[in-house]
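In what follows, a structure is listed as structure tokens, so that the remarks can point back to it.
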Amino acid sequence: MEVKTRSYKDRLNKGDGSVKNRTVPFIFMAFCLLLSVFCVLPCAYANNIRVANCQILNMSEGSTTADIQFDISWDNSWRYGVFYDAAWVFAKVSVNDGAWIHATISGVTSIGASGTSLTIDVPTDSKGAFLYRSADATGTLSTTAVKLQWFRQGDGVAYNAAKVKIQVFAIEMVHIPQGSFYLGDGTARSGGSVSHFFDASSASGAPVKITSSTPYVSNVSDGTGTAGDIAWINENYGGNTYADYLPASRAQLNVNFPTGYNSFYMMKYELNQGQYRDFLNTLTRAQQTSRVYTNISSGTTSITNVFVMNNTATVQTDRVGIACATTIPATAPVNFFCDYNANRIGNESSDGEWIPMKTVNWMDFCAYADWAGLRPMTELEFEKACRGPKPPVAGEFAWGTTNLTNITGISNAGTINEVASNGTANASIGGGYGTLRGGFAATSSTTSRQSTGASYYGIMELSGNIYERVVTIMDSIDSGAAVSKFTGLNGDGILSASGYANVDYWPGNNGTNGVGGEVTGYQGAGQRGGNDGYGTDHAYVSSRVDGAYIDGNRNMRCGRMVRMQ
């Protein structure tokens, strides 16, 4: 069956207000479709961060670099000193219709010709750039003709290449500043459904304050440990402990383990289906085969189970609608599209690209993170992102209170305006109604953290919707009781030939002692924050019900990624 894709212009002209008239205060992430050096194609719209007018300039024999130019905007941006949102921008290039490669960003040529004044930070690994407001303000951020310097020679692209295409991607992030914070919420020491971190010297399970980047972890959980050490009772929900070991002796976390004390950036929203679709569409056929559930291996040309993340012929109750055509090329990359309404017309305004990805396993998750130059978060970073520096509240959710209004249904299903049928809902936790698009509770009439479901820093759905995948505090490589070897390395934008992340010390790396291999396993990974299928005991900020439990299945887990600057 031929698949028809609606054009960007068609979607703008539908007249439903879903693109032009958006008013909610917490917006989302986006991408820009490919553009040629010689012609500029219209960029596609996804959520409310917009990248347009992308092009490559200044490709010349006398220079090792060229410029990647684009316009960028997103609604309801903010900055208050060290508290601000940002865009993580990176690019992929293809030469003569070859495989997409990650563009090396070597500097900034121009912060923009007009519009909002930006600060642009290019990290030392040159995998992209952070863009954010230069001054305190709120409202729409919009800047034209931003130019990032691309080290084309280093990426092996000749100045006179016959055809060069570029895709520019932008993901909304939130800056989390350096500072102390608490782990645990002060409830009694216990394992199972209320397992949490606590101060090793506390007989009552008092929270532990993280005041440095290299705290100690305790080898005891009876309250007789050293004050200020992190202690816990082994999580044993369902009999699964995986890497949730107590250390053999009191130990300091490795110096590079991301504890949350130092500053970092976190995705504002959970990874959505439009983003995963775009990721798949930059991979080789071999890489795509590893990152979907349906068998699309080389030589396959006929597909029955077209909804490729579930290996089914129909959209399932998990609401994941990424699909392909029934007839695909034998060896060339497959084109994927969103088709939540299942009418075989791809990427329509009701096709669910804003619904979070739910059917990815740890290996899929890490592959996307590596491809985007991001990394998994740790358990400690999760709690910092939820409550900030504030003292814990026993049994609190990510919005800082114990109050929860669950969804009772879904309106405007699959669209950018998707909301809960009961407008006061702030979460989808255990109700069985499914996962909603990122930021669904934030509207023009919601003004508090509780009503929007936002964390201290304005990050959405850290409690409920889908589980947040995390790196647990204990060893991610060996089976012994030692602290994690995870060092917080960011992805480099390059996957293995078979489509796996290949970053040293990431949980599941099959290399010797976690070095030099691929992320084909999941030991040392866990999940926090609950989801739409489980009860509230999973969704508390401090809950470690599944803090060290994960499997290789594609189910109710995905979440978001982070990056150190």
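Below are the figures for this structure:
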{"quantity": "Per-region count, segment 332-380, residues assigned to a loop (DSSP other than H, G, I, E, B) and more than 30 Å from ALA231 (Cα to Cα)", "calculated": "24"}
{"quantity": "Extreme residue, most open to solvent (accessible area, probe 1.4 Å), among residues of segment 413-441 that are in contact with a strand residue (DSSP E or B) (Cβ under 9 Å, 6 or more places away or on another chain) and hydroxyl-bearing (Ser, Thr, Tyr)", "calculated": "TYR433"}
{"quantity": "Number of positions in segment 196-216 that are assigned to a loop (DSSP other than H, G, I, E, B), closer than 10 Å to GLY186 by Cβ and free of Cβ contacts under 8 Å to residues at least 40 places away in the same chain", "calculated": "4"}
{"quantity": "Matching option when the condition is out of contact with any Cys (no Cβ under 9 Å at 6 or more places or on another chain), without any contact (Cβ under 8 Å) to a residue 60 or more places away in the chain, farther than 19 Å from GLU270 by Cβ and of a type in the set (S, T, N, Q), among THR487, THR402", "calculated": "THR402"}
{"quantity": "Strands (runs of 3 or more DSSP E) enclosed by segment 133-186 - at least 1 residues per element that are at pLDDT 95 or above and surrounded by fewer than 23 Cβ atoms within 10 Å (Cβ to Cβ)", "calculated": "137-150, 164-176"}
{"quantity": "Residues located in segment 442-462, provided they are open to solvent by less than 10 Å² (accessible area, probe 1.4 Å) and modelled with pLDDT under 90", "calculated": "ALA442"}
{"quantity": "Segment 196-230 - residue that is more than 16 Å from GLU379 (Cβ to Cβ) and either of a type in the set (A, V, I, L, M, F, W, C) or in contact with a helix residue (DSSP H, G or I) (Cβ under 7 Å, 6 or more places away or on another chain) (or both) and, of those, least open to solvent (accessible area, probe 1.4 Å)", "calculated": "ALA200"}
{"quantity": "Some residue of segment 395-407 being crowded, with 24+ Cβ neighbours inside 10 Å and at pLDDT below 95", "calculated": "yes"}
{"quantity": "Checking ILE410 against (1) open to solvent by 10 Å² or more (accessible area, probe 1.4 Å); (2) closer than 27 Å to ASN555 by Cβ; (3) out of contact with any Leu (no Cβ under 9 Å at 6 or more places or on another chain), the condition it does not meet", "calculated": "(3)"}
{"quantity": "Any hit, segment 490-505, residues being open to solvent by less than 10 Å² (accessible area, probe 1.4 Å), farther than 27 Å from VAL122 by Cα, in contact with a Gly (Cβ under 8 Å, 6 or more places away or on another chain) and in contact (Cβ under 8 Å) with a residue 40 or more places away in the chain", "calculated": "no"}
{"quantity": "Residue satisfying condition, being crowded, with 24+ Cβ neighbours inside 10 Å, within 30 Å of HIS102 (Cα to Cα) and aliphatic (A, V, I, L, M), within set MET357, MET363", "calculated": "MET357"}
{"quantity": "Members of segment 311-331 found to be in a loop (DSSP other than H, G, I, E, B), open to solvent by 30 Å² or more (accessible area, probe 1.4 Å) and over 17 Å from SER349 (Cα atoms), listed by number", "calculated": "ASN311, ALA313, THR314, GLN316, THR317, THR326, PRO329, ALA330, THR331"}
{"quantity": "Residues being free of Cβ contacts under 8 Å to residues at least 60 places away in the same chain and surrounded by fewer than 16 Cβ atoms within 10 Å (Cβ to Cβ) - total across segment 111-132", "calculated": "5"}
{"quantity": "Extreme residue, modelled with the highest pLDDT, among residues of segment 539-552 that are among the charged types (D, E, K, R) and under 22 Å from ALA394 (Cβ atoms)", "calculated": "ARG544"}
{"quantity": "Pairs, first over 24 Å from ALA113 (Cβ atoms) and charged (D, E, K, R) in segment 142-168, second open to solvent by less than 40 Å² (accessible area, probe 1.4 Å) and outside any loop (DSSP other than H, G, I, E, B), C-beta under 7 Å, six or more apart", "calculated": "ASP155/VAL93; LYS163/SER36"}
{"quantity": "Considering residues of segment 57-96 that are over 16 Å from GLY112 (Cα atoms) and of a type in the set (Val, Ile, Thr) only, the residue surrounded by the fewest Cβ atoms within 10 Å (Cβ to Cβ)", "calculated": "VAL82"}
{"quantity": "Test: residue in segment 393-413 that is out of contact with any Ser or Thr (no Cβ under 9 Å at 6 or more places or on another chain), assigned to a loop (DSSP other than H, G, I, E, B) and farther than 27 Å from GLY260 by Cβ", "calculated": "no"}
{"quantity": "Any hit, segment 545-555, residues being open to solvent by less than 10 Å² (accessible area, probe 1.4 Å) and without any contact (Cβ under 8 Å) to a residue 60 or more places away in the chain", "calculated": "no"}
{"quantity": "Residue match in segment 519-538 (condition: more than 30 Å from GLY395 (Cα to Cα) and either part of a loop (DSSP other than H, G, I, E, B) or over 20 Å from the mean Cα position of the chain (by Cα) (or both))", "calculated": "yes"}
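The values are calculated or read from the model by the stated rules, or taken from the named source; none is laboratory data. Being a predicted model, the structure only gives us computed values, none of them experimental. Positions of Cβ are backbone-derived with ideal geometry, glycine not excepted, and every protein chain shown enters the neighbour counts. Ligands, DNA and RNA are excluded from the accessible area calculation, which covers all protein heavy atoms including side chains. Shrake-Rupley method; radii C 1.70, N 1.55, O 1.52, S 1.80 Å.
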